[in-house]
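The values are calculated or read from the model by the stated rules, or taken from the named source; none is laboratory data. The structure displayed is predicted, hence computed values, not measured ones. Cβ: placed from backbone, ideal geometry, glycine included. Neighbour counts: every protein chain shown.
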């Protein structure tokens, strides 16, 4: 079944380019292309698309408000921001509102279509120009503690970890659901290097899959 895409973009040139990118891919289906935030919210509620492609500079409201509505009322809908804004405030606000991907408008039509597929596969496509901002935010964000009736053993001291700092960082990204391609972009390393690190992590934790690695790392207090 084709992935249903809703586009919210007020500039005709970009609306046409984004729409063409979706229509050119037979595995994607353009449900609507609208030019205001209000129309975007209405289409979200009416059509419940699989992917929302949204600009941030809309004429009637901030694009972040549309993202927030999608996250609150349609959590199964993946949100891809495509915008001209590359500053920290817009990037962070979009991600915190619920966006899973963030591209700049200089992205090619092929890149946009590929990013939609990456989103649906659980990835987080990000333009290289802003990847370091996301990485810095990721590194400084504290991990929430979920209270529970069962006492959780204290995490082992850092020196007891079998993983190197880079392997630990990469494992935390895996736990967040980032694809190997996205991890490579964020860490500025090749996909081959990412795979090499992952193999070392699997070997050190005596596991054979991403899920097992995340579970075992959680049990050992490494996340």
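Which ones in segment 160-180 are more than 23 Å from residue 221 (Cβ to Cβ) and under 12 Å from the mean Cα position of the chain (by Cα)? Don't jump to the end; show me each part of the working.
To start, the set of residues in segment 160-180 that are more than 23 Å from residue 221 (Cβ to Cβ) comprises 179-180.
Listed by number, the list holds a single entry, 179.
For segment 65-72, check the following and say yes or no: at least one residue is surrounded by 15 or more Cβ atoms within 10 Å (Cβ to Cβ), farther than 15 Å from residue 5 by Cβ and in contact (Cβ under 8 Å) with a residue 60 or more places away in the chain.
no
Quick check: anything in segment 75-95 touching a strand residue (DSSP E or B) at 6+ places or on another chain (Cβ under 7 Å) and modelled with pLDDT under 75?
no
Taking the condition at pLDDT below 80 and surrounded by 16 or more Cβ atoms within 10 Å (Cβ to Cβ), does residue 140 pass?
Working: at pLDDT below 80: yes; surrounded by 16 or more Cβ atoms within 10 Å (Cβ to Cβ): no.
The answer is no for residue 140.
Of the residues that sit in segment 39-51 and are farther than 19 Å from residue 12 by Cβ and in contact (Cβ under 8 Å) with a residue 24 or more places away in the chain, which one is surrounded by the fewest Cβ atoms within 10 Å (Cβ to Cβ)? It would help to see each step written out before you state the result.
Pass one, segment 39-51, residues farther than 19 Å from residue 12 by Cβ: 41-42, 44-51.
In the following step, the residues that additionally are in contact (Cβ under 8 Å) with a residue 24 or more places away in the chain were identified as 41, 44-45, 47-51.
Values: 41: 19, 44: 22, 45: 12, 47: 14, 48: 15, 49: 23, 50: 21, 51: 25.
By that ranking, first place goes to 45.
Looking at segment 18-30, which of its residues are surrounded by fewer than 22 Cβ atoms within 10 Å (Cβ to Cβ) and within 22 Å of the chain's Cα centre (by Cα)? Lay out the reasoning, then the answer.
Step one: list which residues in segment 18-30 are surrounded by fewer than 22 Cβ atoms within 10 Å (Cβ to Cβ), which gives 19-20, 23-30.
19, 25, 27, 28, 29, 30, listed by residue number.
Test of understanding: among 34, 8, 79, which residue is more than 22 Å from residue 126 (Cα to Cα) and crowded, with 17+ Cβ neighbours inside 10 Å? Please lay out each step first, then the result.
Working: 8 fails: more than 22 Å from residue 126 (Cα to Cα); 79 fails: more than 22 Å from residue 126 (Cα to Cα).
Selected residue: 34, the only one of 34, 8, 79 that is more than 22 Å from residue 126 (Cα to Cα) and crowded, with 17+ Cβ neighbours inside 10 Å.
When the residues of segment 196-217 are filtered to those that are exposed (fewer than 13 other Cβ atoms within 10 Å of the Cβ) and under 26 Å from residue 120 (Cβ atoms), which remaining residue is farthest from the chain's Cα centre (by Cα)?
The first filter runs over segment 196-217 and keeps only residues exposed (fewer than 13 other Cβ atoms within 10 Å of the Cβ), leaving 196, 199, 203, 206, 208-209, 211.
After this cut, where a residue has to be under 26 Å from residue 120 (Cβ atoms) as well, the list is 208-209, 211.
Values: 208: 24, 209: 21, 211: 18 Å.
Here the residue is 208.
Please specify each residue of segment 82-100 satisfying the condition of being crowded, with 20+ Cβ neighbours inside 10 Å and more than 11 Å from the chain's Cα centre (by Cα).
Correct list: 82, 83, 90, 91, 97.
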